[in-house]
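The values are calculated or read from the model by the stated rules, or taken from the named source; none is laboratory data. Since the structure is predicted, the reported quantities are computational estimates derived from the model, not experimental observations. Neighbour counts run over all protein chains shown; Cβ positions are idealised from the backbone, glycine included. Note: areas computed on protein heavy atoms with side chains; ligands, DNA, RNA excluded. Shrake-Rupley method; radii C 1.70, N 1.55, O 1.52, S 1.80 Å.
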Amino acid sequence: MNAPHPFVLPPEDRVLSPYTGWTRAHWEAVADGLLAAVGPYRSPGGALITLPGPTSWSGARSDGLEGYARTFLLAALRAAGTAASGRPVPAGLLEPYADGLRTGTAAPGTADPQSWPLIADRGQAMVEAASVALALHLTKDQLWDLLDESTRDRAADWLAGALRHEPVDNNWWLFPVAVGTFLDAAGRHHESARAAIERGLARIDEWYVGDGWYTDGHGRYFDHYNGWAMHLYPLLCAAVAGEPADPVRRERLAEFLTGYGRLFDRVGAPLHQGRSLTYRFAAAAPLWLGALVDATPYSPGTTRRLASGVLRHFLDRGAARDGLLSLGWYGPDPATVQSYSGSASPYWAAKGFVGLLLPDHHEVWTATEAPGPAEADDTALGLPGPGLLLHAGRGAARLVNHGADHQPAAGAPEPDDPLYARLAYSTLTGPTREGDPADNHVGLVLDGRVSERGRVEPLGAGPDWAASAHVPAPGTRIVSISVVRGPYEVRVHHVEAPAGTSVCETGWAPAAARADELRSSAEGIEARVEALVGTSSVATTLTGALGWDRAEIHPVPHGTAFGPAAELAVLHGTVATRRPLVSVVSLTWADTEPTPAPRVSATASGVAVGWGDGTVSEVVRDASGRCAVTHSEPAVRR
């Protein structure tokens, strides 16, 4: 079997890091290995790093700039962290990037094959300018201050294009913030730099919805950009500039991390949801940021366990098998990648190395690793702002989605995006692909096709529940309420459609490397799928508790990001007047101790759910459409 990566790493330290074995030395070795691997693809003048792979929609020159900018950020984090620890910066680390800055800014926007494209309205060069600016800020003493005046002038003028051009109306507003912060510190373009900072921060504040969450633009776009962009840039830029952290932003970050840390499982996997998943261990960035600005609810040992876990998770599974980060999840996977991505796009993973800014003696590096939240007993956290329900424990992490849809805020809805439209996402499974049945979905069967979810209308969330509605077809509506406890989610669907209309619901889609590593069965109204993942198995069940007629197992021919072989549990039923459809779904590691399944019954006011610990939950939707969940604790025997 081929090694998962070619990097030379130090021995594991299972005393300091009993969960991952990795230390700061491993992070530095991985950074050095990633940077060394891109060296052969550097242009003669060093301004472009054009990696093998597909060209993005921005073109080859832009992709070469992307390779330079994103790896420069990684090199800068490595250099700044080493300097902060009182150690010499590795020889040859920054010099190629100084050369590239001289060459790339020689004649921007011209036919000169080594020069960079100009920054334009909504152009990719604006994205890369932010990485260049942040890298220059991090290495101001070691690189910027040593450049000749002519190069500094040209570089500042090129970067200043980000201050006067229009960003895409989402997290892109933060790229002028990063550029402006550096130029202001460098004494260049002061007035326009300060204006860009204020403008960008004000714009993203309009999108804050509460509970530590921003939407990435005008709509319900909740995903990893909340951590690796919306929280990261404002606080990191201020920290690099030596400015005190904004107390409101620190508080928002801490609130976000309280839930976010639950979304990493026992093998280090982050949540598989949303776009740009090929950035992989950039998911560690907000974890480190919390320690950097003293805004984390986690101990230093837990922070490092989570961050090292996600880095090791991807490297152990072939994300950089030849030393280069591939476009995909584990290995290459075109279905995971968006059309704006090019061969160097995965190197936004550099953000995951923000922890290197914390010096060697910081507790985050010296404390013994401690378990992550998902490695404890099952917990739930409802977030009314984004309409999300976090559900984790015993090594597994899940997100129940009653708020994200990636739909335009106005106008006709667009086709469902599998990375946003599902009822639930996890660290153990990926969504099914186009052409296959949608996992974690409920819809009407109309003319032989299952309806899509479309725009999601959040209807509330509590400590362990969340609800939403969607319109599967004109004149119809489905209100869905999820309640979670232990490894189980109970889904209550109120379907407003003509009696007798067919309804279909699906569960999770575990995937494996080969079809013979899958086991599945369906009997009556219960279906089960189990998939071998490495040395462990992932198991899921889907049971029709009320109103469903039968269960089936459907093949998933195109697999998921987790493997080419997958199967899906499916329930079939029909609409009945004033009767909800209720299902019970679970997703666990197969080696965890079984938990009694909940018991579901209809009541005069709604649905009662009896849990294994004796608690009874009452799930109600009243005449006004309001959804609520109440609980009665088990009686204490005397």
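Figures for the structure shown
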{"item": "Theoretical gain in end-to-end length, ARG514 to GLU552 [0.36 nm per residue, Cα-Cα removed]", "result": "11.6 nm"}
{"item": "Scaled radius of gyration (Cα, divided by 2.2 N^0.38 Å) that region 1-146 gives", "result": "1.16"}
{"item": "Neighbourhood charge, 10 Å Cβ-Cβ cut-off, centred on ALA186 and excluding it, Lys, Arg +1 and Asp, Glu -1", "result": "+1"}
{"item": "Cut-off 15 Å between beta-carbons: net charge of the residues surrounding ASP549, Lys and Arg +1, Asp and Glu -1", "result": "-2"}
{"item": "Alpha-carbon centroids, region 280-318 and region 430-461: separation in whole Å", "result": "32 Å"}
{"item": "VAL8 accessible area, 1.4 Å probe, all protein chains in place, Å² to nearest 10", "result": "130 Å²"}
{"item": "Nearest-0.05 FRET efficiency for ASP316 and HIS631, computed from C-beta distance (R0 60 Å)", "result": "0.90"}
{"item": "Helical mean residue ellipticity (222 nm; -39500 (n - 2.57) per DSSP H run of 4+; nearest 500) of the chain", "result": "-8000 deg cm²/dmol"}
{"item": "Computed over region 98-255, Cα set: Rg, Dmax in Å", "result": "15.8, 49"}
{"item": "Potential extension, HIS361-ASP157 segment - 0.36 nm per residue separation minus Cα distance", "result": "69.6 nm"}
{"item": "Kirkwood estimate for region 363-520, i.e. one over the average of 1/r between Cα atoms, Å", "result": "17.0 Å"}
{"item": "Square roots of five times the Cα gyration tensor eigenvalues for region 521-593, Å", "result": "26, 14, 9"}
{"item": "Relative contact order computed over the chain (Cα-Cα under 8 Å; 6+ residues apart), in percent", "result": "11 percent"}
{"item": "Among TYR19, SER115, VAL30 - extreme Cα towards positive end, dipole of region 1-140, charges at beta-carbon", "result": "TYR19"}
{"item": "Long-range tail of P(r) for the chain (Cα pairs > 47 Å, %)", "result": "16 percent"}
{"item": "Spacing of the two label points (7 Å from each Cα toward its C-beta) at ARG122 and GLN338, in nm", "result": "1.3 nm"}
{"item": "Packing-based order for 48-60, 253-265, 618-630, using average beta carbon neighbours within 10 Å, highest first", "result": "253-265, 48-60, 618-630"}
{"item": "Accessible carbon and sulfur surface of the chain relative to its total accessible area, %, 1.4 Å", "result": "54 percent"}
{"item": "Charge context of LEU74, other residues only, Cβ under 12 angstrom, K/R +1, D/E -1", "result": "+1"}
{"item": "Space enclosed by the convex hull of the alpha-carbon atoms of region 546-638, per residue, Å³", "result": "168 Å³"}
{"item": "Solvent-accessible area per residue for the chain (1.4 angstrom probe, square angstrom)", "result": "36 Å²"}
{"item": "Under-5 Å amide H pairs with HIS272, H placed in peptide plane, nonlocal only", "result": "SER426, THR427"}
{"item": "Dipole magnitude of the chain, debye to nearest 20 (Cβ charges: Lys/Arg +1, Asp/Glu -1, about Cα centre)", "result": "480 debye"}
